[in-house]
Structures are given as structure tokens and as C-alpha cells.
1. Test of understanding: extend the Cα→C-beta vector of residue 211 to 7 Å, then name every residue of segment 237-253 with backbone N under 15 Å from that spot.
2. Cβ neighbours within 10 Å, averaged per peptide: list 223-230, 321-328 in order, most packed at the top.
3. Suppose a student asked you for the relative contact order of the chain, using Cα pairs under 8 Å spaced at least 6 residues apart; what percent would you report?
4. Quick one: 19, 125, 344, fewest Cβ neighbours within 10 Å first, how do they rank?
5. Which of 290, 268, 188 moves most in a GNM of the chain, Cα contacts under 10 Å?
6. Divide by every residue of the chain the summed helix terms, -39500 (n - 2.57) for each DSSP H run of at least 4, and state the resulting mean residue ellipticity at 222 nm, rounded to the nearest 500 deg cm²/dmol.
7. Set the Förster radius R0 to 51 Å, insert the Cβ-Cβ distance between residue 72 and residue 220 as r into 1/(1 + (r/R0)^6), and round the FRET efficiency to 0.05.
8. Determine the gain in length on full extension of the stretch residue 53-residue 2; use 0.36 nm per residue of separation and subtract their C-alpha separation, reporting nm with one decimal.
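Each reported figure results from applying straightforward, stated rules to the coordinates on display, with no laboratory input. What you see is a predicted model, and the numbers here were worked out from it, not measured in a lab. Cβ sites come from the backbone with ideal geometry, for glycine too, and all protein chains shown count toward neighbours.
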């Protein structure tokens, strides 16, 4: 008999889990992969859209391309989850699988920052990045703020990369001398687990004349005066505000019996929840690791090995090690890399590799390899 595995969410975690199970035990599992969207986009591709390097249509990977043994994709919206009974209701049907994996990611709460919707631009959603791109196209120079609006957000390196690519974008348009860039983040340093790595990134920001305010957060924008109000009582004027919005778990997760204190708690070694046969991976969990695509991929690989062990009676899966990598692009075909490991040592560690053209090519290959493996492209 085959086991039915339902995976909610087809992001990094869902795609990696479905691929690994299909590759290893397609004869033992029936995998249903569910997502409300019809296509996938890498997070870093949103910056390509933001800065006009690619159009949205060029960076979509349609789920209909998935052709893997044992995997069925269904474009449906999840309406309710009962983890105790492993019962899921969508707008297309009901499921009661043998194994349920929740990989629904994080949603964005623009209303958590007053004034953002009226006078700023979030660039993490697809609709948001397109609006922000149009605002950049119309921008004639002035003060730009890149603001991180919550303590938990996807990819800790992304705000720095955004500011650096903004420098490159304005330079190419001949507006850098007439513009300022101010990066504001509640994190105490760019990569909090490593002062050495953070110092290296902060030095790059300074070299590109980007003002950096760590340990501060924008609490509201004033649409009348175009002033950002900060937690440290500063008031900073802007002509363009680009915000990474407050993240939250999807409503369907918050309404379920999975969420505690806003996220899904898991065993960080296996990503099992407190409910038998139910796992959760990626940005929707409260695991003690960053929210990032590469991290979600590693979590999903661990869950896959746990399930493969259970299905085959093989040796126990190794515990998740919390390792991953993050690329930071500067423009001019230069990319740096941050390697992290959160769980293998007594304390988390990070290493920064300085930007090079070789890492630019490595980043491209990193994305291409996953697109090929997940979608056959």
C-alpha cells in the first residue's frame, strides 16, 4: 500500500519535499502538492523585477511543468486545517492524508505599519513589487528609505542587497549623486549571529554611501509630510519609501490547532509538530533558524529523510543541522555569499565570502539547478 502525503504550499519547502520523495520512494507514496498560485517565483527574482532587469512573465515557473512520478499538483486555496485529524479542506475538496506537511510560508501585514499602504511600497508580494517598480521608474531623485518593518522577515541578507542594488540602479540612471539611500532595520547588525560578517557587510554599505541604522524600526509613515517615524524617536523625511512588511502566519494557520504565539512550533531536528503525522517547514514555523528559501529547502530535505526512513524501515534520518547559504548581489555582476550554520555547534556561526564575478555565476547556477530539478526547466 502507498502512503498519501499532502503538502500544503509549493514554495522552496514544498517543492523540495515533493521532489525528494518522488526521487526516492515514488512507488511507496502518493504526493498531493497544493498551492493557491499557478506558478512559483524565486525570492531574488523579485529584485530583478523591482530594478527592471526582468519582467514578471520571465521569472515565473508554472506548476503545470511539474511531471514527477507520484506527484499531483492542485491549484487550490486551503480553507481549514485540523491537524489532530489531519483533515484539510480546500476550495476544491477535502483531504485526510496519512502524512500532512504544512509549508504555507508567511503572509504580509501592510496594515501593521500605518501609512505604508498610502505612502510607501512593499516589494515582497508580486503585486507590491510591480507597484514599487513603477514608482522607481517614475522616481526623479531624492531621499530613499529601505525599511525593515518587523523583526521576522524572509532572508536576513535581503535588505542589504536591496539597498546595494538600489545604489547600482540609481547610478545607472545618473541619479545617484542627487539621491540618498538610508537602510533602517530592527536587527542589531546585518547578520546578528556574526559580528565579523556583519562588519564586512556594513563596510560595503559605507563604501556605497548607504546610511545604515541598525536597531531601529519605522513605526509609521506620515503621508502628508512624507516623514518616517522611528522607534528611537527620530523623524526622517523621504521621497520614496521601500518597505519589507511585517510578516505573519497565514490566517488559515492561525485559525487551526497548529499555531502557538503566531507560528507553528516544531521539533527543530525533524520538523514534526505535536500532532502525529503532521510536519511543518519553512517560514510558517518558529524553528530557531532564519526565514529563507535555502533554509526551508534544508528543512524539507530533513522531513523527506524522516519519511523515507519510516516508509522503508531504513536507518533513522540525521537531525537537521541548520546550515544554509545566502547570496548578496551588489550590481556590476558582483555577488557575495553568507554561509550559516545554526544548529551544528554550540552557537550559530556565519562566514562571509567577499563579492566576486564567480559568485555571480554561482548564484545563477544555484537558481537554474533548482528550476531544472523542480520543474524540468
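1. Taking a point 7 Å out along Cα→Cβ of residue 211, the residues of segment 237-253 whose backbone N falls under 15 Å are 237-242.
2. Highest to lowest by the protection proxy: 321-328, 223-230.
3. Relative contact order for the chain comes out at 19 percent.
4. Fewest-to-most ranking of 19, 125, 344: 344, 125, 19.
5. It is 188.
6. -9500 deg cm²/dmol
7. The pair residue 72/residue 220 has a calculated efficiency of 0.65.
8. Gain on extension, residue 53 to residue 2, equals 13.8 nm.
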